[in-house]
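The structure appears right after this line, and notes come after that.
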Amino acid sequence: MTHLIIKIFTVLATGALMLTAVSCSKDNEKPAPGGTADGWPAKKISRIVHSVGTFDYLTYDFFWEGDLLREISCTMYDGSSLGRTVLEYDGGRLARVYPYDGAGTAYTDGAMHYHYGTDGRLERQTFLLPLRATGNLCQQTFDEVVPCELVYSYTDDGRVSAVQANKTMDDGSVETSTYTFGREGNNVATVTCDGQPLFSNMQYDSNPNPMRFPMGMETMGVTNMIFEGVLGNSVLFLGYAFCWSENNMTTLLSGGGQCSYTYDEDGFPTSKTIGTGSQSTTYTFSY
């Protein structure tokens with residue numbers, strides 16, 4: 001598993017700054033993590049191609065079973081697999097998410113588990129987190145794995161207001177961070193961690209977001225590497241997607257540059273292009 005974790009972290013570290021895939025829903029629908037069948041978008045993404053300039057670098061394929069997303073795979077430009085991520089359900093709600101590596105080995109020990117309250121809302125997520133012993137990108141090592149949980153709080157109208165992230169260390173101590181979310185309408189406008197601003201003044205278009213996936217905070221791009229090694233290469237695009245928002249984010253969370261979209265006749269994005277200087281990165285969407 002160490003090899004997979006190292007590989008995932010390397011891709012995360014080198015790609016996260018420019019990775020800003022878009023994230024959909026019916027008008028006035030509240031963001032509701034939990035993965036129920038009626039929470040997934042009606043117009044389903046089948047493929048996202050990530051291009052650097054004119055070079056198609058990564059391809060993400062989405063596999064659906066009825067209204068539920070079952071699998072996401074990632075393929076390199078040369079056709080080699082970077083692995084896939086499997087989503088399992090219980091009674092139509094997400095129960096477990098875990099990755100396979102490019103050789104087809106499943107890493108179920110590091111799966112993300114979903115737990116629900118009596119009201120049916122996502123209450124907790126639990127998983128094992130690999131901790132890095134060094135920050136050298138060329139020589140990654142991991143010296144321990146610790147249990148973690150994400151605990152969700154909601155506003156009176158059913159929106160996520162805060163998520164408490166807990167890591168239980170080997171000595172029994174618990175490291176805690178609390179993320180809070182501010183909204184403008186049905187879009188996330190601000191994110192703070194322990195009272196310190198992470199993102200603010202986030203801007204959106206007025207069109208439907210085809211990746212408003214009813215998962216958890218792993219789709220929020222606010223995790224500060226908390227999910228390294230847990231979800232796999234095939235969902236790296238979820239970072240910075242802000243899948244809880246109804247519309248498509250037009251601002252960039254890190255670095256400078258410009259963001260532009262093209263849309264189909266229904267208003268759904270067909271491409272998102274991020275321009276920085278003379279370079280451009282484009283995400284092309286098929287449904």
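The values are calculated or read from the model by the stated rules, or taken from the named source; none is laboratory data. Given the structure is predicted, the values throughout are model-derived calculations rather than measurements. The protein model used for the area step is the full one, side chains on, heavy atoms only, and it has no ligands, DNA or RNA in it. Shrake-Rupley method; radii C 1.70, N 1.55, O 1.52, S 1.80 Å.
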Potential lengthening between V174 and F63 on full extension [0.36 nm per residue; Cα-Cα distance subtracted]: 36.2 nm
Estimated D of region 42-126 in µm² per second, where Rh is the Kirkwood radius over Cα pairs and Stokes-Einstein applies at 25 °C, 0.890 mPa s: 170
Expressed in nm to one decimal, what extension gain is obtained for the pair S46 and S254 from 0.36 nm per residue of sequence separation less their Cα-Cα distance? 72.1 nm
Using every Cα-Cα pair within region 246-287, state what percent have a distance larger than 12 Å. 60
Length gained when the stretch Y287-H113 is fully extended (0.36 nm per residue, less Cα-Cα span): 59.8 nm
May I ask you to rank W64, W40 by accessible area, largest first, using a 1.4 Å probe over the protein chains only? W64, W40
